[in-house]
1. Can you give me the orientation-averaged projected area of the convex hull built on the Cα atoms of segment 340-492, in nm²?
2. Using θ = phi - 60° and the Karplus curve 6.51 cos²θ - 1.76 cosθ + 1.60, what whole-Hz ³J(HN,Hα) does each residue of segment 16-23 get, with Gly and Pro shown as x?
3. For the residue pair T476 and D64, what label-to-label distance in nm results when each label sits 7 Å from Cα along the Cα-to-beta-carbon direction?
4. At 222 nm, what helix-only mean residue ellipticity would the chain give, in deg cm²/dmol to the nearest 500, using -39500 (n - 2.57) for each DSSP H run of four or more?
5. Return the sequence-ordered ³J(HN,Hα) values of segment 84-90 in whole Hz as given by the Karplus equation 6.51 cos²θ - 1.76 cosθ + 1.60 applied to θ = phi - 60°, using x for Gly and Pro.
6. Taking amide H atoms as placed 1.01 Å from N in the peptide plane, list the residues 5 or more away in sequence, or in a different chain, whose amide H sits under 5 Å from that of A425.
7. List the equivalent ellipsoid semi-axes of segment 8-53 in whole Å, largest first, each obtained as the square root of 5λ for an eigenvalue λ of the Cα gyration tensor.
8. Amide H to amide H, which residues 5 or more places from H40 or on other chains are under 5 Å from it, using H placed in the peptide plane?
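All of the numbers you see were taken from the coordinates with simple rules; none came from a lab. Computed from a prediction, not measured in an experiment: that's the story for all the values here. Please note: Cβ atoms are built from the backbone with ideal geometry, for glycine as well, and neighbour counts cover all protein chains shown.
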Amino acid sequence: MTTLSTTLAKRLEDPRLFRQYAYVDGKWTHGNDGREEAVHDPATNEALGHIPLLEDAQITAAVDAAEVAFVHWRALRADERCERLLAWYDLIQANREDLATIMTLEQGKPLPDARGEVEYGASFVRWFAEEGKRTYGETIPSHIPNASLGTIKEPVGIAAMITPWNFPLAMITRKAAAALAAGCPVIVKPANETPFSALALAELAERAGIPAGVFNVVLGEPAAVSKILCAEPRIRALSFTGSTRVGRLLIEQSAHTVKRLSLELGGNAPFIVGPDMDPKEAAYAAVAAKFQTAGQDCLAANRILVHESIHDEFVEQFSERMAALTVGNGLQGEIDLGPLIHRQAVEKAAAIVDDAVSKGATMIGGDQSQAPGDNYFMPVLLTGVTPQMKVWREENFAPVAGVTAYRTDDEAIEMANDTEYGLAAYIYTHDIRRIWKLLRALEYGMVSVNSVKMTGPPVPFGGVKQSGLGREGGATGIDEYLETKYYCLGAL
Ligand code: NAD
């Protein structure tokens, strides 16, 4: 039995944005066999509602619907698709407060951060709406007598998207807006922890006039749904944001149907502070780069590498700033860190801290007796971290930062690159020679110098090494959903 939770009902201006169904072919859909899963507020463990677990045949029905919709969607002019996407953008903005409330309730992040994510997520819709008008082909100087050569860009086909719970709205729009603008229908499988943001987006897509079958949201047991999506030959592109572990599985499962893959996987960002930096300025920036979304962010500054000459003062400033962070229910005012997504995440964070301490790290902060509930983890700084510790090797996805001192730039580079991940890195220094040296030597897809903020619609987001394949955002983001058709026109 699905009922609107009283918490949500009371808080939304438009309760119709809260949907407890899948959305397939423009219809709100129950599971055929009635199976459901509860979705919880991580702040309170209260059940917010339920989602259906679709049967295999219902996932295939979403592909059938997208196949039919593709014919019409790709045939629209780019400016017609743009109009619908802009209508979607306007509706997302107009319903920002409700979308933020839904997000805070299912994900836990503080309400101001949720509002920020809605704004950020919407910005991709507006940007790609326009970018869809610029999917130019090219004219190629001919090497064949009397021939005209060139390329045309065409939509790749149906695109599936599997998205995580840490950014439940923006990770969908960053993919879907690009695919839709390119002319591809999409099938979204959101994380089961945070499905309601995805379903609210579907409701708004429908209101924006995006036709049935063009934007679908399927729900179910993740491994089973993904298997079907990967094996389905009619799905031509698969875009995934999530862990490297699941990313590897999807590569294997998609091999048989040779799909276009875009994978935004884990990160383990280094944050390098040069000797010329003001330790306080750098420490405040590092706190900001580490604790957003309670550290559940693939861009989180996990391994902070500080020049030995300012290390101790940096640690002092970082610790003071960290101690001032407030931890609590994201719906309350003035909260910096909400809960982690579930209890297992808290246990994983505690194990990473224990491992580091047992191997010689010193723990600052992290008095877990102050945690306001089961799913909360009080922020921790570990000093003296080494490559042997899990906090160095694994993405902790929690409010746990590790710091260590380095002596030379070469040593900092070696430490920073000592990981299987290569998503994002931060550099803090004003020395232009050092900036350029580090920028070139760091094996990362994104490097941010003297700025915590680095992402947004016009720039390519993505990693190297085991942080993934492909880029989202920017002109390269729409290319993930376009095929290049070469033509040779012989003597006509
Ligand atoms: P996850 O890999 O567990 O889940 C991501 C998605 O995959 C969810 O939709 C989930 O339901 C699904 N899934 C889970 N198990 C599956 C399976 N066996 N087969 C197929 N699908 C499965 O990741 P998460 O815990 O939701 O998110 C955290 C991870 O996401 C972190 O590693 C983080 O770095 C990464 N992340 C990366 C980016 C990026 O842009 N690079 C952004 C956000 C998060």
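1. Working: hull surface 56.1 nm².
For segment 340-492, averaging the hull's shadow over all directions gives 14.0 nm².
2. So the Karplus estimates, Gly and Pro as x, are 5, 6, 9, 10, 10, 10, 7, 10 Hz.
3. 4.0
4. On the way: 16 runs with 194 residues, N = 492.
For the chain, the value works out to -12500 deg cm²/dmol.
5. Residue by residue, segment 84-90 yields 5, 5, 5, 5, 5, 4, 4 Hz.
6. Hits under the 5 Å cutoff: M446, V447, S448.
7. Details: eigenvalues 88, 50, 8 Å².
Largest first, segment 8-53 gives 21, 16, 6 Å.
8. L48
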